[in-house]
Each structure stands twice: as C-alpha cells, then as structure tokens.
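The values are calculated or read from the model by the stated rules, or taken from the named source; none is laboratory data. It should be emphasised that the depicted structure is a prediction, and the values quoted were computed from it without experimental measurement. In this analysis, Cβ positions are derived from the backbone assuming ideal geometry, glycine residues included, and neighbour counts consider all displayed protein chains. Protein only, heavy atoms only, side chains kept; ligands, DNA and RNA dropped before computing areas. Shrake-Rupley method; radii C 1.70, N 1.55, O 1.52, S 1.80 Å.
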Amino acid sequence: MAASNPFADDPERAEIWELGYVAGFQDPDGSDFLPLSPELLEVYTQGIDAGRDDNISSSATLVPRSELEGESSDEWVEHLVIEGVAETLAHIFNRAALGLVGVVITALSIQGDTPLHPLEDDFSELYTGPADDPNVTFIAMCPRTDHPMAAADTTVDGYWTGSPMTDFGEALQQTLAHSHREAVVARCSLTDNTCGLVWAAK
C-alpha cells in the first residue's frame, strides 16, 4: 500500500514531502538532502522514510540508483522489469500547467489536446531494449526546480528533462547521470494515451 501524502492540503509541504518520497523510493540508501529550512527538511525526511518503506514493501524488487550506476543498458536487458511508481506523486510537478503530463507534453512536443491518463497502478513490463511500439517514449526528468534557467534542458518552470528515447535503458542512464537523486523516468504511450513515472525492478 503506497503511503499517502500527509501534507496534501499544503501545496508547499506536499511538494517537499513528495520530493523526499521519490528520493527514498528510488534511492533508499542515499543520504544527500535538499538545502531546506529545518521545518521543511523535516517534511522532506518524512517523505524519504515513506518512500523507503514503500520500496521495501513493494511486490517488485526495485533496484536502488546506487546499484544501477555504472552499468550499461546492455547489462540490464532480460534482467530488469519496468515498474510503475506509486501514483502518490500529485504535487512534485505542481508549477507546470497540467503537472507531470504538462511537462511531458512540452518535452515531447505532443499536441496539447491529447488526453493522457495515468499508468495503471500495477503497470509492469519486461525490459527487452528499445520499445517495439514507436508511440512509446521514455524521458528522464527531475521535479526539482533549482536547475539553471539558462540551460537548454531546463523548462520555463525550472524542471530538467532529458532527451526523448524509445529505450527505457537509455532514459534511465540519463536519469542516473543527472546530479539529483529525485530524477525519474516518465513513460508516455500515444498508443493507449497513458503517461506515468516508472523505475527499474528485478
């Protein structure tokens, strides 16, 4: 059962909690923290703890960032499963119009009237290399808004996005190369009009 955000009624704290959640979920062994006030750092830490707990209790064996770093996508083929990340994350892209979907639509240059729905809660697929369906795209992105605004890969809202890929492994490598452990991979399919965050599992 995914944790629920205890700060859902407070957008600022809700976003900080979710940044902590995704950091703890994807990188339970990590120890770096955002430069926050003591009060917000406590909120971030609560998110990390909830993310770690959900990682441990997940039915899939999620792979921490630290285990993935340094490996090539060729080594991942036939060993990894692409798993949907809990839909607990409603606030971390809150500065963008339409949230996560808005960031993906902008990054992938998708027409704004394309209806995109969240991935199913139990989304899972074997990673076998580049997607066979050309309408499936993976993109690395970071929900932190402290990226240099002058950089070509920073959105007007301050988010970072990588290059669109048909290969989850390549998008994951871009995510791992990004300096923030809150960075994630989004999977977007125009075949079934879905979009959501995914991570690697064994």
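A few remarks follow.
- Number of residues in segment 1-35 that are surrounded by fewer than 19 Cβ atoms within 10 Å (Cβ to Cβ) and not small (G, A, S) equals 12.
- Yes/no for R187 being assigned to a loop (DSSP other than H, G, I, E, B), under 15 Å from the mean Cα position of the chain (by Cα) and not acidic (D, E): no
- Residue in segment 41-59 that is open to solvent by 30 Å² or more (accessible area, probe 1.4 Å), out of contact with any Leu (no Cβ under 8 Å at 6 or more places or on another chain), assigned to a helix (DSSP H, G or I) and under 22 Å from M141 (Cβ atoms) present: yes
- Residue within segment 129-140 that is surrounded by fewer than 18 Cβ atoms within 10 Å (Cβ to Cβ), over 14 Å from the mean Cα position of the chain (by Cα) and β-branched (V, I, T) present: no
- Close pairs from segment 65-83: first modelled with pLDDT under 80, partner open to solvent by less than 30 Å² (accessible area, probe 1.4 Å), Cβ under 6 Å, at least 6 apart: E69/L176; S73/G169; W76/G169; V77/G129
- Segment 156-191 - residue that is without any contact (Cβ under 8 Å) to a residue 60 or more places away in the chain and over 21 Å from Q26 (Cβ atoms) and, of those, most open to solvent (accessible area, probe 1.4 Å): V156
- Subset of segment 1-40 [assigned to a loop (DSSP other than H, G, I, E, B), over 16 Å from C142 (Cβ atoms) and without any contact (Cβ under 8 Å) to a residue 12 or more places away in the chain]: D9, D10, S31, S37
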